[in-house]
Every structure is written in C-alpha cells, then in structure tokens.
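Everything on this sheet refers to the single structure shown next.
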Amino acid sequence: MRFETCISVIVAASIFGMFSITDYHLLGTTREYYLLVAMRFVVVSLCFLLAFVIVRWGSYTRHAWLHALPLWILATGIILIVPLRPESLSSQVTAAVVATMAFYLLIPNLLTVVTLASLYLSIGFLTSAVLFADIDSVATLRIALLLIMANIVGFFALWRLEGLQRKQFVLLHEERDQNRQLLKEIAHRKALEEQLRMVAERDALTGLNTRGHFMKRAQGLLQRSQHEKVPFSLFMIDVDHFKSINDTWGHSHGDWVLSKIAEVCAQALRPTDVIGRFGGEEFVVALPNTSAEDAQIVAERLKKRVAELPLKEGMSERRLSVTIGVAVAHTETADLESLIKRADQTLYVGKRDGRNRVVMCRERMEEE
Ligand SMILES: Nc1nc2c(ncn2[C@@H]2O[C@H](COP(=O)(O)OP(=O)(O)OP(=O)(O)O)[C@@H](O)[C@H]2O)c(=O)[nH]1
C-alpha cells in the first residue's frame, strides 16, 4: 500500500509539474507564468517529500491521513491554477474531473478521507471558478454538475470496491482460521498416533518393547541372521522368587524392582540386541550375530549386574537374582516361536535346578 501510494503520488505530481510546458505556451514569460511555475514547484516538491515519508513511515492503518495529504496538496494546486490561468477554464474542468475520479480510485479503503479531499477539490475549484474566471450561472451549473457526477461515480466505485475487498478479507480470515484449525487437528492426531504407537510398542512399566513389538523386531533380526548365515541367540529371563518381593514389600516395590532389572539388562546389551518384557517378571532378549559362547558370557553378565543391583532402603537383607535360559539358532529353518519355546524350557530347567543361574539349551548344543 505504501509503495503503491508513493508511486501514484510521484506520477500524479510529475504530470502536474509537466503542465508548466503548456503554461509557458499559453502565458509566455509573464508574472502569472512565474507564479504558476513556483506554485507547481511547491506542489511537486511537497508531494515528492510526502511520497518519501509515506514509503518510510506511512502505515496505512495507523497514518491514513498521511496517505490523504498529497490529495489535499494536489487539490490546492488545481484550485490555484484557476486565478492564474482563468482563460483556460474548460481544460482545467477536465483536469478537476479526472483528478476527482483518480482520488477515489487511487486510495482504496479510505472512503471518508478520500471523499473529504474530493469534496474539497470540487467545492474549492467551483468557488475559484466563480470568483476568478468570470463565468455565468449556466457555466457554473455545468461545472457543478460535472464535479457532482465525478464525485458520485468515484464514491460508488470506491464504495463497491471497499465492500468487495472487505468480503474478500473476511473470507481470507475464515480460510486462515480453518487452516490453523486443520493444522492443530493434524498435530493432535499425530500426537495421538504417537501415543498409540508407544502404547503398542513400549511396556508402560519398564519402557521395554512389548511382547508383540519384540516378536516383530526379533523376527526381522532372525531372518537377517539366517540370510547372513550367522548365529542368533535368544534369552528368556525370569526374576527369582518375585512373588515374595511383592508379598513382602508390596506391588509398588515389586514394580520398582522390575523397572530396575529392565534398566540394567538394557544397559548391559549391545545396541543391536533387542529386549522385551514378555509378561509379569519375565524378559526376553534377541541377540543377532551371537554364538552360544558369547551368549553365555552376556547372560552371565546380565545375571551378575542384576545381583549387584542396589535395592531400596528396607530391602537390604534381600539379594535379587534371575534365571536365564539361552537358546541358539544355527539352522536356516529355525523359527522364532520354537526358539522361544526352547529358551523357556531351558529357563524352567534352571528354575528346577535351584535358580540364579544361566542354562544353555542342550538341544541346541547337540545340534551344533
Ligand atoms: N509388582 C508386579 N508384580 C507382577 C507384575 N507382573 C506379575 N507380577 C507378579 O509376579 C509374580 C510372579 O510369581 P511366580 O510366577 O510365582 O514366580 P516367582 O515368585 O518369581 O517364582 P519363580 O519364578 O519360580 O522364582 C506374581 O505374584 C505376579 O503377581 C508386575 O507388573 N508388577
């Protein structure tokens, strides 16, 4: 808006200044001519100055009057031409009519401000014509009617334009609101999806993979190991005498113990290993590219870390322990379900033999 006003003012003022050429042809180097040139110079200079001010500081909403000021200056210039060149009144009437229409069309959305400037031009011009151009009543009426017509046409054109622009503005805002609403909804849905994914994939108590998610990830790892022809190991880990922890200190302590065991186990594994909570106090670990010997070392390490876990105050007389059943897949036909079953059976051998131990699946060893 600032830029448009600035350009319009500069163009209008330049055209106003260029009329000095016709002034010279009409008046020659007379006193009136010099007065006219001086007046035009003042008007053009003021307009250029205002154009500069508008482009720098002329906020259209806060300083609307600044945008209207050049209109008043140009109107004053047009009014002042009449006493200096009264014999060319007819061409000045045309200029006044064109200027009135231009005022309405060049400054949008400021109907009151523009109407006042245009009325000032029309009334001032008519008064000046009556006072200085020596016109009869018919000519006065003709000029008045022309100016009234220019004002009415300009006023209604701007009024309609303003209405349309307002409607467009409202629609634009509605559209923006809807878009904002839509973006909010999308973000909300994404957050919900993320929450759902977390619920489906992460165990709420320990933060480990849920059984379903573990199965999915372990299946992928097993297939990859089989494809690359590298060994794949699987642990089933069960906390020993966990029921008595719950019975002695309550479920909240039991929960705390579970989350601590999950934490140390997860920390003791490689980033490529996958650990999940299989249910209750049972955990499962998939170790790709891990031989039976390496798996046993890792399982012993887990067992040791759990045994070293510092317990809560009041639980000090108790030491934690886990039993781990390890199964290893070497053949390309081994499937995850049967591997888990074997590790589970091995775990129960360990439980039967006194707990707090790592037991390797014999069946697998023999197959090897
Ligand atoms: N606090 C807590 N307890 C759980 C949770 N899930 C299962 N349990 C309890 O874990 C206990 C498991 O008991 P059992 O299956 O008898 O096993 P155990 O006492 O560890 O005995 P062994 O495995 O034979 O050494 C049960 O009392 C369950 O209620 C849980 O999320 N939080």
Can you say whether Asp203 is among the charged types (D, E, K, R), within 16 Å of the ligand (Cβ to nearest atom) and in the same structural domain as Lys312 (by TED's automatic domain parsing), as far as the supplied structure shows?
no
Does any residue of segment 57-69 turn out to be crowded, with 17+ Cβ neighbours inside 10 Å, more than 30 Å from Lys167 (Cα to Cα) and not hydrophobic (A, V, I, L, M, F, W, C)?
no
Could you tell me which of the residues Arg166, Arg197 is closer than 28 Å to Ser338 by Cα, at pLDDT below 95 and not assigned by TED's automatic domain parsing to the domain that holds Lys341?
Arg197
Report yes if Trp159 is over 26 Å from Leu49 (Cα atoms), of a type outside the set (S, T, N, Q), surrounded by fewer than 19 Cβ atoms within 10 Å (Cβ to Cβ) and in contact with a helix residue (DSSP H, G or I) (Cβ under 8 Å, 6 or more places away or on another chain), otherwise no.
yes
What number goes with the only condition from (1) surrounded by fewer than 15 Cβ atoms within 10 Å (Cβ to Cβ); (2) at pLDDT below 95; (3) not in a loop (DSSP other than H, G, I, E, B) that Val230 does not pass?
(3)
Does Val239 meet the test of being away from the ligand (no atom under 16 Å from the Cβ) and among the β-branched types (Val, Ile, Thr)?
no
Going through segment 243-285 one residue at a time, which ones are within 8 Å of the ligand (Cβ to nearest atom), among the hydrophobic types (A, V, I, L, M, F, W, C) and either loosely packed, with under 14 Cβ neighbours inside 10 Å or at pLDDT 95 or above (or both)?
Leu258
How many residues does segment 202-217 contain that are free of Cβ contacts under 8 Å to residues at least 12 places away in the same chain and surrounded by 21 or more Cβ atoms within 10 Å (Cβ to Cβ)?
0
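So that you can scan it fast, the table gives a plain yes or no per residue for (1) more than 16 Å from Val114 (Cβ to Cβ); (2) over 18 Å from the mean Cα position of the chain (by Cα):
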residue: Phe155; (1), (2): no, yes
residue: Arg160; (1), (2): no, yes
residue: Val170; (1), (2): yes, yes
residue: Gln181; (1), (2): yes, no
residue: Glu185; (1), (2): yes, no
residue: Ala204; (1), (2): yes, yes
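Listed here are the residues, each with its yes/no results for (1) under 42 Å from the mean Cα position of the chain (by Cα); (2) farther than 15 Å from Ala329 by Cβ; (3) not β-branched (Val, Ile, Thr).
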| site | (1), (2), (3) |
| --- | --- |
| Asp238 | no, yes, yes |
| Ser252 | no, yes, yes |
| Trp256 | yes, yes, yes |
| Ser259 | yes, yes, yes |
| Ile275 | yes, yes, no |
| Glu281 | no, yes, yes |
Selection over segment 20-72 where residues are touching a residue at least 60 places away in the same chain (Cβ under 8 Å) and not charged (D, E, K, R) yields a count of 3
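The values are calculated or read from the model by the stated rules, or taken from the named source; none is laboratory data. The model shown is predicted, which means the values in this text are computed figures rather than measured ones. Don't worry about glycine lacking a Cβ; one is built from the backbone with ideal geometry, like all the others, and counts go over all protein chains shown.
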